[in-house]
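Below is one structure; the comments refer to it alone.
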Amino acid sequence: QVQLVESGGGLVQPGGSLRLSCAASGSIFSINAMGWYRQAPGKQRELVASITSGGSTNYADSVKGRFTIARDNAKNTVYLQMNSLKPEDTAVYYCNADVRPSLYLRNREVWGQGTLVTVSS
């Protein structure tokens with residue numbers, strides 16, 4: 001069983017910063033891509049940023065230049081540094097990982113429970 005546990009959400013004023021963390025634990029042989037998604041009220045879940053095991057990154061246009069994704073492969077942890085936050089960044093942020101539990105099992109997609117980010121004055 002693999003679990004993703006997120007932390008770092010909260011309330012921040014417009015223009016402020018937050019750093020989200022997501023740690024994977026359990027039966028893990030390897031982790032390919034990791035990423036952050038978000039879902040605002042009444043909207044579909046969308047990709048915010050992703051990062052491969054080799055460090056290649058991909059960002060949604062709406063967050064380019066403001067958010068930075070990084071990972072620590074030794075700790076099976078992915079981070080999302082969010083700067084210059086806007087009210088429209090308000091959402092529940094979900095961590096996602098493509099995990100191979102063992103050498104003999106296929107990769108599977110795992111989701112965290114979500115952490116709420118509220119940007120408001």
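The values are calculated or read from the model by the stated rules, or taken from the named source; none is laboratory data. The shown structure was predicted, so the numbers you read here are calculated from the model rather than taken from an experiment. So basically every Cβ, Gly included, is an ideal-geometry build from the backbone, and we count neighbours across all protein chains shown. With ligands, DNA and RNA removed, areas are computed over all heavy atoms of the protein, side chains included. Shrake-Rupley method; radii C 1.70, N 1.55, O 1.52, S 1.80 Å.
Overview of results
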quantity: The listed residue being exposed (fewer than 13 other Cβ atoms within 10 Å of the Cβ), without any contact (Cβ under 8 Å) to a residue 40 or more places away in the chain and of a type outside the set (Lys, Arg), out of 60, 74; calculated: 74
quantity: Conditions (1) open to solvent by 50 Å² or more (accessible area, probe 1.4 Å); (2) on the phi > 0 side of the Ramachandran plot; (3) of a type outside the set (A, V, I, L, M, F, W, C): number failed by residue 25; calculated: (2)
quantity: Neighbours by Cβ (under 6 Å, 6+ apart or cross-chain): first from region 102-113, among the hydrophobic types (A, V, I, L, M, F, W, C); second surrounded by 10 or more Cβ atoms within 10 Å (Cβ to Cβ); calculated: 103/29; 110/2; 110/4; 110/97; 110/99; 111/94; 111/96
quantity: Residue 84 being assigned to a loop (DSSP other than H, G, I, E, B) and within 22 Å of residue 24 (Cα to Cα); calculated: no
quantity: Members of region 1-17 found to be open to solvent by 30 Å² or more (accessible area, probe 1.4 Å) and closer than 18 Å to residue 69 by Cα, listed by number; calculated: 5, 7, 8, 9, 17
